[in-house]
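The block underneath contains the structure these notes are about, expressed in structure tokens.
The values are calculated or read from the model by the stated rules, or taken from the named source; none is laboratory data. Predicted, not measured: the structure shown is a model, and the values here were computed from it. All Cβ positions, even for glycine, are placed from backbone atoms using ideal geometry, and neighbour counts span all protein chains on display. For accessibility, only protein heavy atoms count, side chains too; no ligands or nucleic acids. Shrake-Rupley method; radii C 1.70, N 1.55, O 1.52, S 1.80 Å.
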Amino acid sequence: MPMRQHLFGGMLAAAVLIAPDVAHAAALDGAALRWPWALPFIGILVTIATGPLLFPKIWHNHYGKLAFVWSALTVAPLAALYGTPSAFAAFVHVVLAEYLSFIVLLFVLYVVAGGILVTGNLRGTPLVNTAILAFGTLIASVVGTTGAAMILIRPLIRANAARLNNVHVVVFFIFLVANIGGALSPLGDPPLFVGFLHGVDFFWTARHLWPATALVAGLVKLLVVQPTSDNREQMHHS
């Protein structure tokens, strides 16, 4: 791991030093690139989705190498067709203007939310779980999915610690708080933040996506409300 960190740090430093030299390289127009250029992106998404299930040992030991291969399948054709300076300029732009902003936002949300501790004696009934998930879904677009998840995951786990079957609650938490809930602002999901940096209006997602977000979140929450066998048993003993 330290070697990987040093390697990435060296690549980043080189990009910073060489950036002025490639600033005059011909800029690539992403809108002019045809659909085959999206294949490496689709490939890495499919690899991430299927790797842990189909070949878990290879994935956990070599996921960095697999990501590098898909990246190389993008950069190498760019260099061959548009020239090395243009390809490197695109690489520098992605690293400095997009990747770093993405990581900085995640880091800030992680640090700020990590200092918030929510305490209380909650019991993991369907109503309480639904309330926690609803609250997390609402605040995810304000404090970010990372922030909302860090604030509420510990109270949710404590509330459901006595339940016989509680794994599904965390799964629904991931669906709602860590994914669906962040769809309404650039603060919610870092990819939306990258879009904001590229000129997308800050409130565009809130204006256009709230009906779909409300529908999907509502349907998922209906599944959480249904009492499971261990819940019914606990309510019976109460």
task: Tell me, yes or no, whether region 101-121 has at least one residue that is open to solvent by 40 Å² or more (accessible area, probe 1.4 Å) and either within 30 Å of Arg34 (Cα to Cα) or acidic (Asp, Glu) (or both).
output: yes
Of the residues in region 169-197, those that are β-branched (Val, Ile, Thr) and either surrounded by fewer than 22 Cβ atoms within 10 Å (Cβ to Cβ) or assigned to a helix (DSSP H, G or I) (or both) come to Val169, Val170, Val171, Ile174, Ile180, Val194
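Would it be correct to say that Thr125 is buried (at least 16 other Cβ atoms within 10 Å of the Cβ) and in contact (Cβ under 8 Å) with a residue 60 or more places away in the chain?
Details: buried (at least 16 other Cβ atoms within 10 Å of the Cβ): yes; in contact (Cβ under 8 Å) with a residue 60 or more places away in the chain: yes.
Answer is yes for this residue.
Residue-wise test of (1) surrounded by 14 or more Cβ atoms within 10 Å (Cβ to Cβ); (2) under 21 Å from Phe91 (Cβ atoms); (3) touching a strand residue (DSSP E or B) at 6+ places or on another chain (Cβ under 9 Å).
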position: Pro40; (1), (2), (3): yes, yes, no
position: Thr47; (1), (2), (3): yes, yes, no
position: Pro52; (1), (2), (3): no, no, no
position: Trp59; (1), (2), (3): yes, no, no
position: Tyr63; (1), (2), (3): yes, yes, no
position: Ala67; (1), (2), (3): no, yes, no
position: Ala72; (1), (2), (3): no, yes, no
position: Val75; (1), (2), (3): yes, yes, no
position: Ala79; (1), (2), (3): yes, yes, no
Of the residues in region 19-50 that are among the hydrophobic types (A, V, I, L, M, F, W, C) and assigned to a loop (DSSP other than H, G, I, E, B), the one that is modelled with the highest pLDDT is Leu33
